[in-house]
Every structure is written in structure tokens, then in C-alpha cells.
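Remarks on the structure that follows.
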Amino acid sequence: MSLEMALLVAHAPSMCHEENVPVFQQSLVAGLKKMRDRIVEAGTEVVVIISTHFAAPFHHCVDVTPHHKGILTAFEALDLISDVPYEYPGDEELGKQLAAAGKRIGVPVLEVNDTTYVWDYGTVVPLRYLVPNEDIAVVSLSVCLSAPLEETYRWGTAIGQTLREGGKKTVFVSSGALSHNLVRGRENMPSRSEQAMDSQFIGYLKNGQYADAREMLNQYSRIAGVESGGRHLAALLGVVEPTQKAEVWGQGQSSASWNAIISFAS
Ligand SMILES: [Fe+2]
């Protein structure tokens, strides 16, 4: 198998610089560091990461750029993420394979090969922990805001199949929050109703009830304001197969959103 693991990860802006991480997000950072070790132990050659902040209106973008280099200042969090450099190898070949797989199943995929494109913070922040040495290739994927969850799920299945059938050791990463009706005050928890839904959704994942999680996502994503309408979770559920068991490595709030680090591995 060449898909070694899938991950759900968090990217709260206060996590960008480790010295700024508040106490209630420390378990998220600890979880990311555990996953960093897993990525290395698996001999991972490529990380494929979909981010809720790479939000394309009409296309499922695949960043096939052979070399990613930029300096990120995030318009969503100018106080926390400014002048952050990154540089990772890309994988044009795998990116093109993913794009072709999407086109085969009829989803609108856009290949991006553009050295002027600067990554979003949903991509950069988790990679600073998962691949801190910037020595593993990365293919960056967008969510598509005009795509229903069902289309995004089908795109996820095409991604998963491509990674499993490929010759490279890969890890798929879904970067985004669970409930996400934001309020001011980073320490605030989601409402009790949102906490109940987050807990039920994570419970389905922990029990391997992925079909139930997928069914729940349709309403949960709207009621709890799940980030990007739950598209990053739909893609993740498309990638994951029943043989991959979920383990939770960290959870925490950020401005009334809920965030988790969850691995899916055989
Ligand atoms: Fe976010």
C-alpha cells in the first residue's frame, strides 16, 4: 500500500509559531509532533494536503508546481501570521496523476503550476509541524466552494485510489476545523450543542463508522458551521477506507471552533 496514513489536522493561527501556542491548544501541537514522527517512520515521500483556506470558488485545484517557495502573510490573521517563509519540494508527476483522476470521474479540476502562488495558512501551519525540515514533497489541494459534499467525497475517493495505486509512499492530510461558528476570544469553547455534534462525529470516526459520519456531515456541517462547509471532511472520508482505523491524538478550541488531530492507518 502506498497510502501510508490519512490525517485530520488543525491550523489555528495561534499555532503558527510554537512560542505563541496557548495552553488549550498544546495537545494539538503534541499530536502534530507525534504525526511528524509517524510520517518519518513510514518513509513518506509525498504529503498531499487539502486546506479549507485554499478555497477556490469553481475548481478543485491541484498545485503541481515542482518547487514551492514563498513568504506567507495571512490576511485572516495578520497579527499572528506575518512574513513566514516556507520552501518545500513539489511533485509534479503525482499532482498530474491526481488531476487526471479527478477529470476521469468528471469533477472540475484545475492544475496549478505557478511559482507566484503563495500558500494559505491552512497549508503552511500544519506543515511547519508535520514536515519541519521541509524535506518531503508536497502537493497542495484546494477545496471547491461550489462543489456539494457528494462531489467532494467522490473527488476524495479518486484521490485515495490514485495514492493507493501509485508507487510512492504518501500521506493524505485534511487541514480544517470541526464546528466553526467563530466568536471573538480564542479561549472560547463551541456551544454545548456544537460540542455534542463534534463528539458524535468524532465518535463515529473512532468506531470506524465512516458511512455514518458521512451521513451526519450533511446536517452537522450546516448546523455547526463546520469549516469550508465540511468539504475537507468529505474529501477525507472519500480517501479513508474501512481498514484504516482512527486514533485521536489531540483536541482543542480556537475562538469557539473545535479542532482535532486524528490519524487513519491500517
Ligand atoms: Fe481555518
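The values are calculated or read from the model by the stated rules, or taken from the named source; none is laboratory data. All of these numbers come straight from a predicted model, not from anything done at the bench. For neighbour counting, all protein chains shown are included, and Cβ atoms are generated from backbone atoms with ideal geometry for every residue, glycine included.
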Residues of the stretch 132-151 satisfying the condition of being under 30 Å from residue 219 (Cβ atoms) and either within 13 Å of the chain's Cα centre (by Cα) or within 16 Å of the ligand (Cβ to nearest atom) (or both):
140, 141, 142, 143, 145
If you scan the stretch 6-18, which residues turn out to be within 16 Å of the ligand (Cβ to nearest atom) and assigned to a helix (DSSP H, G or I)?
13, 14, 15
Only one of 208, 225 is on the phi > 0 side of the Ramachandran plot, surrounded by fewer than 24 Cβ atoms within 10 Å (Cβ to Cβ), within 13 Å of the ligand (Cβ to nearest atom) and outside any strand (DSSP E or B); which?
225
Being within 16 Å of the ligand (Cβ to nearest atom) and part of a loop (DSSP other than H, G, I, E, B): is that true of residue 242 here?
no
Which one is nearest to the ligand (Cβ to nearest atom) among residues in the stretch 168-185 that are within 15 Å of the chain's Cα centre (by Cα) and of a type in the set (Val, Ile, Thr)?
173
Among the numbered criteria (1) in a strand (DSSP E or B); (2) out of contact with any strand residue (DSSP E or B) (no Cβ under 9 Å at 6 or more places or on another chain), which one does residue 110 miss?
(2)
Please work out if residue 188 is over 17 Å from residue 147 (Cβ atoms), within 16 Å of the ligand (Cβ to nearest atom) and among the polar types (S, T, N, Q).
yes
Taking the condition on the phi < 0 side of the Ramachandran plot, touching a residue at least 40 places away in the same chain (Cβ under 8 Å), outside any strand (DSSP E or B) and over 17 Å from the mean Cα position of the chain (by Cα), does residue 86 pass?
no
Within the stretch 140-185, can you find the residues that are over 25 Å from residue 257 (Cα atoms) and either part of a loop (DSSP other than H, G, I, E, B) or modelled with pLDDT under 95 (or both)?
166, 167, 168, 169
Could you tell me which of the residues 21, 40, 46 is in contact (Cβ under 8 Å) with a residue 12 or more places away in the chain, among the β-branched types (Val, Ile, Thr) and away from the ligand (no atom under 15 Å from the Cβ)?
46
Name the residues in the stretch 186-202 that are touching a residue at least 60 places away in the same chain (Cβ under 8 Å), assigned to a helix (DSSP H, G or I) and not charged (D, E, K, R), would you?
195, 202
